[in-house]
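J.: This is the structure, below, for whatever I ask next.
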Amino acid sequence: MPRITFLGAAGTVTGSKYLVEANAKHLLLDCGLFQGGDELTQRNWQKLPQEPATIDFVVLTHAHLDHTGYLPRLVSGGFRGPVFANATTQELCGLLLPDSAHLMEEDAEHATQHGYSSHMPALPLYTQDQVVDTLKRFAPMPRLGECRLSPEFLIRSHDAGHILGSSSLELVITGNGKDTTVLFSGDVGRYDQPLLKDPEKPPRADFVLCESTYGDRDHPTVPPPDVALAEVINRVVHRGGVIVIPAFAVDRTQLLIYDIRRLEGSKRIPALPIYVDSPMAIDVTDLYRRHREDLKLSAEELLADPFSVHAVHVMRSPEQSKQINSVHTPAIIISASGMATGGRVLHHLEQRLPDARNCVLLAGFQAEGTRGRALEEGAKSIQIHGEMVPVRAEVVNLRQFSAHAGRSELLRWLAGIPAPPRQLFLVHGEPVAAKALQAAVQSQLHWPVTLPNYLQSFDLA
Ligand SMILES: [Zn+2]
């Protein structure tokens with residue numbers, strides 16, 4: 001009898017990892033990192049309940065680290081199978097995973113130097129060398145359609161509309177001459193967005209796992225994203241401040257540049273210098289230029305390079321990054337990471353937060369326990385590199401820019417499934433959000449809904 005075990009993203013948003021067992025074969029669907037507070041991140045250091053060497057395959061829905069960032073740990077722990085992912089996801093992982101290891105190494109070094117780690121010397125969760133070994137394990141999977149992994153496992157991919165290359169995956173498990181299908185939503189994107197296509201209508205399945213990040217709320221539609229963005233920019237420019245945007249390198253940065261470009265073009269904001277201070281975001285933007293199959297831009301728009309603004313400065317080296325500190329006239333700094341958990345954006349926050357003229361613009365989900373969440377909730381000071389930094393700058397969260405479906409969009413995606421599943425599992429959400437979506441599904445669709453616990457297993461019978 002096939003079985004599923006929730007090794008992550010159960011009762012929380014990060015650490016997506018679902019272990020499916022059939023015919024004594026083990027498939028791991030996503031291999032994400034836990035992010036957020038200490039209690040969660042400690043799980044990244046704990047022994048996986050399933051020996052990595054006994055896992056046969058990994059399949060990825062998309063490249064975000066909370067779905068892929070544990071891979072180097074899995075490989076260094078003994079996993080020797082293939083990691084199936086489409087070409088775009090593979091390329092993105094080739095950028096995100098080395099960067100993740102680099103940040104971990106840097107943070108560990110910094111913690112050792114400044115003595116704020118409980119381990120001496122502080123260790124990174126994994127190294128760049130381990131990432132090199134991990135990337136060798138990648139195996140190709142088509143962007144859409146079928147891929148047979150083994151006699152018992154077949155995967156069908158559907159566009160999830162969340163980031164470039166993102167998929168919902170339909171897993172067909174064959175055993176005892178009978179098929180069982182499990183649909184993994186992956187992260188569901190938005191409908192009617194300027195850059196990416198809408199999430200594809202999902203197929204029928206016996207069991208469905210659906211994310212519930214925003215199961216308790218919709219994203220504001222008023223004012224529309226471009227209007228809201230123009231308002232903030234004009235307000236901060238008027239008082240002579242600088243806008244720091246901690247942005248996810250994948251998709252948020254591209255969408256922001258695209259929107260700023262349109263606002264500039266229509267003279268709704270002044271032409272400002274924009275510093276894209278994330279080597280990875282720059283590389284990802286190039287990838288967006290090349291992998292156009294997921295984009296819904298017109299041929300005309302694509303030809304005009306939608307990701308270039310008139311005064312965009314891309315900062316590749318740390319020295320160039322530091323030069324931004326000397327900018328004291330209105331400007332926009334876009335830098336990763338999106339929840340301010342690490343990366344160059346920390347230096348910019350350290351520099352800009354104490355000045356009330358400045359603004360920190362949050363452009364996406366901020367998980368519990370992150371600095372982004374603390375800022376969102378109005379913290380008067382936050383800790384950066386072991387020091388308390390006062391927060392005097394304005395903090396704005398433009399939820400309109402979320403890459404995740406809001407509550408109604410999740411319900412729209414679920415309602416597109418042609419027949420009720422035998423069981424819906426709600427994952428990838430904090431308990432309040434998952435419970436709210438559970439209540440909505442039960443009352444609107446009358447499906448059986450379960451909120452699985454961390455490490456809980458279910459028979460897929
Ligand atoms: Zn994602």
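The values are calculated or read from the model by the stated rules, or taken from the named source; none is laboratory data. This one's a predicted model, so the numbers in the text were calculated from it and none came from an experiment. Note that each Cβ is placed from the backbone with ideal geometry, even for glycine, and that neighbours are counted across all protein chains shown. In case anyone asks, the SASA skips ligands and DNA or RNA and just uses the protein heavy atoms, side chains included. Shrake-Rupley method; radii C 1.70, N 1.55, O 1.52, S 1.80 Å.
J.: Give the lysines reachable from Lys17 as a straight Cα distance under 29 Å; neighbours fewer than 8 places away on the same chain don't count.
T.: Partners found: Lys25, Lys47, Lys136, Lys178, Lys197, Lys201, Lys435.
J.: What is the distance in Å between the Cα centres of the stretch 28-97 and the stretch 366-412?
T.: The distance from the Cα centre of the stretch 28-97 to that of the stretch 366-412 comes to 25 Å.
J.: Quick check: the angle from helix 225-238's long axis to the longest principal axis of the chain, C-alpha only, nearest 10 degrees?
T.: For 225-238 against the chain, the angle is about 30 degrees.
J.: Also: Counting each DSSP H run of 4 or more residues in the chain as -39500 (n - 2.57), what helix-only mean residue ellipticity at 222 nm follows after dividing by all residues, to the nearest 500 deg cm²/dmol?
T.: One gets -8500 deg cm²/dmol as the mean residue ellipticity at 222 nm.
J.: Next up: As a test, work out the antiparallel percent of DSSP beta bridges whose residues both lie in the stretch 225-401, rounded to the nearest 5.
T.: Details: 4 of 21 bridges.
The answer is about 20 percent antiparallel.
J.: Continuing with this model, one more query. Report Ser443's accessible area, 1.4 Å probe, all protein chains in place, as a number in Å² to the nearest 10.
T.: 80
J.: What does the accessible area of Glu368 come to, in Å² to the nearest 10, when a probe of 1.4 Å is used?
T.: 110
J.: Continuing with the same structure: Given a 1.4 angstrom probe, I'd like the percentage of the accessible area of the stretch 4-123 that is carbon and sulfur, rounded to a whole number.
T.: 51
J.: Let's test this: bin the Cα-Cα distances of the chain at 10 Å from zero up to the farthest pair and state each bin's percent.
T.: Bins of 10 Å from zero give 4, 21, 32, 26, 13, 3, 0 percent of pairs.
J.: Quick one: accessible surface of Arg190, probe radius 1.4 Å, all protein chains present, in square angstrom to the nearest 10.
T.: Counting only protein heavy atoms, Arg190 exposes about 20 Å² to solvent.
J.: Mind pulling the angle between the C-alpha long axis of helix 87-114 and the longest principal axis of the chain? Nearest 10 degrees, somewhere in 0 to 90.
T.: With both axes taken from Cα atoms, the answer is about 60 degrees.
J.: Here's a follow-up. Whole-Hz Karplus ³J(HN,Hα) for the stretch 269-277, in order, using 6.51 cos²θ - 1.76 cosθ + 1.60 and θ = phi - 60°, x for Gly and Pro?
T.: For the stretch 269-277, the Karplus curve yields 9, x, 6, 10, x, 10, 9, 8, 9 Hz.
J.: Related question: Just to be sure I understand: of the beta bridges DSSP finds with both ends in the stretch 34-160, what percent are antiparallel, rounded to 5?
T.: Just about 45 percent of them are antiparallel.
J.: Provide the percentage of antiparallel DSSP beta bridges, counting only those with both residues in the chain; round to the nearest 5.
T.: Percentage antiparallel, nearest 5: 50.
J.: What distance in nm lies between label points placed 7 Å from Cα along the C-beta direction at Val432 and Asn176?
T.: So the label points at Val432 and Asn176 sit 4.4 nm apart.
J.: May I pose another question? Averaged per residue, what accessible area in Å² does the chain show with a 1.4 Å probe, protein chains only?
T.: I get 39 Å² per residue for this part.
J.: Can you list the aspartates and glutamates whose alpha carbon is less than 18 Å from that of Lys380, not counting same-chain residues fewer than 8 positions off?
T.: By straight Cα distance, Lys380 reaches Glu350, Asp355, Glu368, Glu394.
J.: Among rounded, prolate and oblate, which fits the stretch 133-199 when a ≥ b ≥ c are the square roots of the eigenvalues of its C-alpha gyration tensor, a/c under 1.5 means rounded, and a/b larger than b/c means prolate?
T.: oblate
J.: Given a 1.4 angstrom probe, I'd like the percentage of the accessible area of the stretch 143-190 that is carbon and sulfur, rounded to a whole number. Show your work: numbers first, answer last.
T.: Values: 670 of 1340 Å².
Answer for the stretch 143-190 is 50 percent, counting heavy atoms of protein chains only.
J.: Using per-residue counts of other Cβ atoms within 10 Å, averaged over each peptide, order 215-227, 176-188 from highest down.
T.: Order by mean packing, descending: 176-188, 215-227.
J.: Then there is this: For Leu209, list long-range residues whose amide hydrogen, built 1.01 Å from N in the peptide plane, is under 5 Å from its own amide hydrogen.
T.: Leu183, Phe184, Ser185, Phe425
J.: Now for a separate question. Taking the Cα atoms of the stretch 225-401 alone, what are Rg (to one decimal) and Dmax (as a whole number) in Å?
T.: Rg and Dmax of the stretch 225-401, Cα atoms, are 15.5, 49 Å.
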